[in-house]
Amino acid sequence: EAQVTQNPRYLITVTGKKLTVTCSQNMNHEYMSWYRQDPGLGLRQIYYSMNVEVTDKGDVPEGYKVSRKEKRNFPLILESPSPNQTSLYFCASRDQRNTGELFFGEGSRLTVL
Amino acid sequence: EDQVTQSPEALRLQEGESSSLNCSYTVSGLRGLFWYRQDPGKGPEFLFTLYSAGEEKEKERLKATLTKKESFLHITAPKPEDSATYLCAVRIQGAQKLVFGQGTRLTINP
């Protein structure tokens, strides 16, 4: 089954404690991206990757890091989380040729105390 | 600034009562408009892509249309299982992202 898998699905942490949200896709997609979803603000792009070792900032990259060492994985790293990073995070992927049909993961709800 | 605005924020209908959701956009160069459906606790699920004014796409009870300034998602004779948040997004020329609207939360009562 084609899917994007995120872990953890739920996490409560404290300010400053580094964490990683993993994302893996099994569709051999070149493009992967992270979004955060906040009430009243909709989905906003954090980072994206066009292929292995190619990453770039989205609209709200501050406080986040990513890496793309393998085609299937695109982890999101919060080096020193702060309360304003409390949000619902989605990883998404798509085929390089397709401009908008994103496949989304189930989401990771993060709370930073 | 590129912007996508959806209305209404929430819509409650009776089963079988047809209606339309609106997505208006102001962007520098449209490379496609996309509709997604999002169920509670899930990620958005792709529905339609529209590329040019006058284009229409249909899927079951849903029909999406596009003009130069806005898109409509028409829902005909909806059922309770059509209850979800519907998201509109645009792809802008030269950008590797989708700009999303805030969504319309649709509830269909039996």
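For region B:86-110, a tally of residues being surrounded by fewer than 18 Cβ atoms within 10 Å (Cβ to Cβ) and of a type in the set (Ser, Thr, Tyr) returns 1. Out of all the residues in region A:63-72, is one or more of a type in the set (Phe, Trp, Tyr) and within 12 Å of chain B (Cβ to nearest Cβ)? No, every residue in region A:63-72 fails to be of a type in the set (Phe, Trp, Tyr) and within 12 Å of chain B (Cβ to nearest Cβ).
One residue stands out among those in region B:3-25 that are loosely packed, with under 12 Cβ neighbours inside 10 Å and part of a strand (DSSP E or B): the one that is farthest from the chain's Cα centre (by Cα), which is B:14.
Take residue B:43 and decide whether it is at the interface with chain A (Cβ under 10 Å from one of its Cβ atoms), crowded, with 18+ Cβ neighbours inside 10 Å, within 16 Å of residue A:90 (Cβ to Cβ) and under 10 Å from the mean Cα position of the chain (by Cα). Criteria not met by residue B:43. Taken together, the criteria exclude residue B:84 from residues that are away from chain A (no Cβ under 12 Å) and without any contact (Cβ under 8 Å) to a residue 40 or more places away in the chain. Filtered by the rule that a residue be out of contact with any Phe, Trp or Tyr (no Cβ under 7 Å at 6 or more places or on another chain) and either closer than 11 Å to residue B:4 by Cα or in a strand (DSSP E or B) (or both), region B:71-90 gives B:71, B:72, B:74, B:75, B:84, B:85. For region A:61-82, indicate whether the set of residues that are β-branched (Val, Ile, Thr) and either more than 30 Å from residue B:29 (Cα to Cα) or at pLDDT below 95 (or both) is non-empty. Yes. When region B:2-49 is filtered for residues that are acidic (Asp, Glu) and under 20 Å from residue A:44 (Cβ atoms), the ones remaining, listed by number, are B:2, B:9, B:45. Scanning region A:6-51 for residues that are under 14 Å from the mean Cα position of the chain (by Cα) and small (Gly, Ala, Ser) gives A:24, A:33, A:49. Counting only residues that are within 17 Å of residue A:60 (Cα to Cα), assigned to a strand (DSSP E or B) and out of contact with any helix residue (DSSP H, G or I) (no Cβ under 7 Å at 6 or more places or on another chain), which one in region A:77-107 is farthest from the other protein chains (Cβ to nearest Cβ)? Only one residue fits best here, namely A:77. Scanning region B:26-51 for residues being in contact with a strand residue (DSSP E or B) (Cβ under 7 Å, 6 or more places away or on another chain) and either outside any strand (DSSP E or B) or of a type in the set (Val, Ile, Thr) (or both) gives a total of 9.
None of B:49, B:67 is farther than 19 Å from residue B:108 by Cα and under 11 Å from the mean Cα position of the chain (by Cα) except B:49. Within region B:7-23, is there a residue that is more than 26 Å from residue A:93 (Cα to Cα), acidic (Asp, Glu) and within 10 Å of another protein chain (Cβ to nearest Cβ)? Scanning region B:7-23 turns up at least one residue that is more than 26 Å from residue A:93 (Cα to Cα), acidic (Asp, Glu) and within 10 Å of another protein chain (Cβ to nearest Cβ). Can you run down the residue pairs with Cβ atoms below 6 Å, 6 or more apart or on separate chains, where the first is in region A:35-47 and farther than 13 Å from residue A:57 by Cα and more than 9 Å from chain B (Cβ to nearest Cβ) and the partner is surrounded by fewer than 22 Cβ atoms within 10 Å (Cβ to Cβ) and among the polar types (S, T, N, Q)? Close Cβ pairs (under 6 Å, with a partner that is surrounded by fewer than 22 Cβ atoms within 10 Å (Cβ to Cβ) and among the polar types (S, T, N, Q)) amount to A:36/A:87; A:38/A:87.
The values are calculated or read from the model by the stated rules, or taken from the named source; none is laboratory data. Nothing here was measured: the structure is a model prediction, and the numbers come from that model. Quick reminder, even Gly has a Cβ in these numbers, built from the backbone with ideal geometry, and neighbours come from all protein chains shown.
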